[in-house]
Amino acid sequence: MKDVLNFIDGRYVSGTSGKTFANRSPVTGDVISLVHEAGKAEVDAAVRAARAALDGPWGSMPLPERAALLHRVADEINRRFDDFLDAEVADTGKPVSLASHIDIPRGAANFKIFADMIKNVPTEAFEMTDPSDGGRVLNYGVRVPKGVIAVVSPWNLPLLLMTWKVGPALACGNTVVVKPSEETPTTAALLGEVMNACGVPPGVYNVVHGFGPDSAGEFLTRHPGVDGITFTGETSTGTAIMKAAADGVRAVSFEMGGKNAGIVFADADFDKAVAGIARAAFVNCGQVCLGTERVYVERPIFDKFVAALKAKAEALKIGAPSDPDTGLGPLISHTHRDKVLSYYRKAVEEGATVVTGGGVPDMPEALAGGAWIQPTIWTGLSDDAAVVREEIFGPCCHIRPFDTEEEAIRLANDTDYGLATTVWTQNLSRAHRVAGKIDVGIAWVNSWFLRDLRTAFGGAKQSGIGREGGVHSLEFYTELRNVCVKL
Ligand code: NAD
């Protein structure tokens, strides 16, 4: 049995408590590794190591050298592409075709984009006159690292979302302590090997394993040695972390849940819209924060759209990650499947028409222990049904007709969340008008999950606080210091 260890100050260590927990395959249900849980002592050691690195070799490293080192990290991830791919697929059960195109390449790219960005960041300078004597005064801004950053990450895109934070944090000169999801600890641990191989000083990148409350997650976010907390996960967890961050008034950057709307107008390119919404609803088994669980379709094409999306869902091959034809892997765990299935039942209780799916598929014996689920489409629910209002995080969506542009905008905005939307129309003016009126951090037009890493990423309302991506990451990962010089 493989052991997954904590990575502290450049070394792999188990917890002093000796506690381990099982990491299970979502595909078979088998235990694939034992994860060594960090207690308070390990979290404290990791934060201290991060502080020492900040005050030591990392803090004094010239920026071009730091940026070059992060390029090496990206190259080393790419060199060990298959190791990362195997680990990510084993932990998540997602199709190899998906992880090899999205998760691992983005994991490497997240280091390069921010290493390049940091070399080209401008700051401000102002000249003024000292009113007391008419002398000249120069003000200029310098960006300094925030300090020790706690990175708390989820299980749906483990390496991608973790490095989306670690990349800019390190590029800006911070050090990090990462608490990966208990469901997917392996690639975060593996990244420690990469850091050592590239010569990143010990203590710059640390990993502590465990759960949230009364475990590594809470110990880390409550640790007074942490200067800022960046978190991706559920809104309810963000609420708990924000309370922890209040002690010591630490900064937070949050990317949280969504209940995203897709809007399809009758003038859309029909086939592209169906394919786009199918991806947004079902890819990664619906476990994408940006995914579309509410679909609003203009009435003249409603029936045709429902039939076409049904056909797409039913054509998805549910199966093993290694099969190149697999379109849908399992959910992350049986616990998560229980949650998703509870919504499948609730939809029926609330009066939905089940267009397709609604249950658990029959699987061959070798895969019978996995957390498999059918992609599911509903129609006919009221706008206040739980399934329409709450994030499910499964391969499912509810489709509802609308009659006017104003109605579509109102329905899309009728949610506590504000992460993303996808709008499908060939009317240029309408595309811009609607995208500008949906209260979200990211509005896609005739596309979905198309990302330029230089652009701002984040959510409005209960979907997040702050923006990451390109220069926007500077807002959280640096402090802008003003230096005022009397000349
Ligand atoms: P989660 O909130 O359950 O867990 C995320 C991380 O927080 C894990 O590492 C967990 O151990 C830790 N944690 C849990 N409780 C904690 C506590 N009290 N203190 C400190 N740490 C704690 O989320 P998840 O189930 O892993 O991920 C799914 C959720 O993430 C969905 O809601 C999804 O929308 C959201 N998500 C958002 C984005 C985004 O960019 N907005 C991206 C991916 C996922």
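Per the listing ALA435, ALA420, ALA412, the residue uniquely within 16 Å of the ligand (Cβ to nearest atom) and of a type in the set (A, V, I, L, M) is ALA420. Does the stretch 18-40 contain any residue that is assigned by TED's automatic domain parsing to the domain that holds SER215, at pLDDT 95 or above and part of a helix (DSSP H, G or I)? Yes, the stretch 18-40 has at least one match.
Checking the stated criteria, VAL226 turns out not to satisfy the condition of being in contact with a Ser or Thr (Cβ under 6 Å, 6 or more places away or on another chain) and more than 9 Å from the ligand (Cβ to nearest atom). Just to check your reading of the model, which residue among ALA268, ALA278, ALA245 is open to solvent by less than 20 Å² (accessible area, probe 1.4 Å), in a helix (DSSP H, G or I), away from the ligand (no atom under 15 Å from the Cβ) and at pLDDT 95 or above? Going through ALA268, ALA278, ALA245 in turn, just one is open to solvent by less than 20 Å² (accessible area, probe 1.4 Å), in a helix (DSSP H, G or I), away from the ligand (no atom under 15 Å from the Cβ) and at pLDDT 95 or above: ALA278. All of (1) more than 9 Å from the ligand (Cβ to nearest atom); (2) farther than 25 Å from SER33 by Cα; (3) surrounded by fewer than 24 Cβ atoms within 10 Å (Cβ to Cβ) hold for THR175 with one exception: (3). Each residue in the stretch 189-220 was checked for being of a type in the set (A, V, I, L, M) and either out of contact with any strand residue (DSSP E or B) (no Cβ under 8 Å at 6 or more places or on another chain) or near the ligand (Cβ under 10 Å from one of its atoms) (or both), and 6 of them qualify. Here GLU350, GLU390, GLU406 are screened, and the one residue that is open to solvent by 60 Å² or more (accessible area, probe 1.4 Å), out of contact with any strand residue (DSSP E or B) (no Cβ under 7 Å at 6 or more places or on another chain), within 16 Å of the ligand (Cβ to nearest atom) and not basic (Lys, Arg) is GLU390. Within the stretch 90-144, restricting attention to residues that are basic (Lys, Arg) and open to solvent by 70 Å² or more (accessible area, probe 1.4 Å), the residue that is farthest from LEU70 (Cα to Cα) is ARG136. Note on the stretch 56-162: enclosed strands (runs of 3 or more DSSP E) holding 2 or more residues that are within 16 Å of the ligand (Cβ to nearest atom) and in the same structural domain as THR230 (by TED's automatic domain parsing) are 148-152.
Quick check: is even one residue across the stretch 178-187 more than 17 Å from the chain's Cα centre (by Cα) and either near the ligand (Cβ under 9 Å from one of its atoms) or open to solvent by less than 20 Å² (accessible area, probe 1.4 Å) (or both)? No, because not a single residue in the stretch 178-187 is more than 17 Å from the chain's Cα centre (by Cα) and either near the ligand (Cβ under 9 Å from one of its atoms) or open to solvent by less than 20 Å² (accessible area, probe 1.4 Å) (or both). Per the listing VAL166, VAL200, VAL177, VAL194, the residue uniquely in the same structural domain as GLY233 (by TED's automatic domain parsing) and assigned to a strand (DSSP E or B) is VAL177. Of all residues in the stretch 353-387, those that are over 30 Å from THR237 (Cα atoms), open to solvent by less than 30 Å² (accessible area, probe 1.4 Å) and part of a loop (DSSP other than H, G, I, E, B) total 1. Taken over the stretch 52-70, the criterion of being charged (D, E, K, R) and surrounded by fewer than 18 Cβ atoms within 10 Å (Cβ to Cβ) is satisfied by ASP55, GLU65. The C-beta contact set for the stretch 1-21 (first residue more than 14 Å from ALA188 (Cβ to Cβ), second residue of a type in the set (Val, Ile, Thr), distance under 6 angstrom, 6+ apart or interchain) comprises PHE21/VAL35.
The values are calculated or read from the model by the stated rules, or taken from the named source; none is laboratory data. Everything numeric here is computed off the predicted structure, so don't read it as measured data. Reconstructed Cβ throughout: ideal geometry from the backbone, glycine too, with neighbour counts over all protein chains shown. Quick note on the areas: whole protein, heavy atoms, side chains included, nothing else; ligands and nucleic acids left out. Shrake-Rupley method; radii C 1.70, N 1.55, O 1.52, S 1.80 Å.
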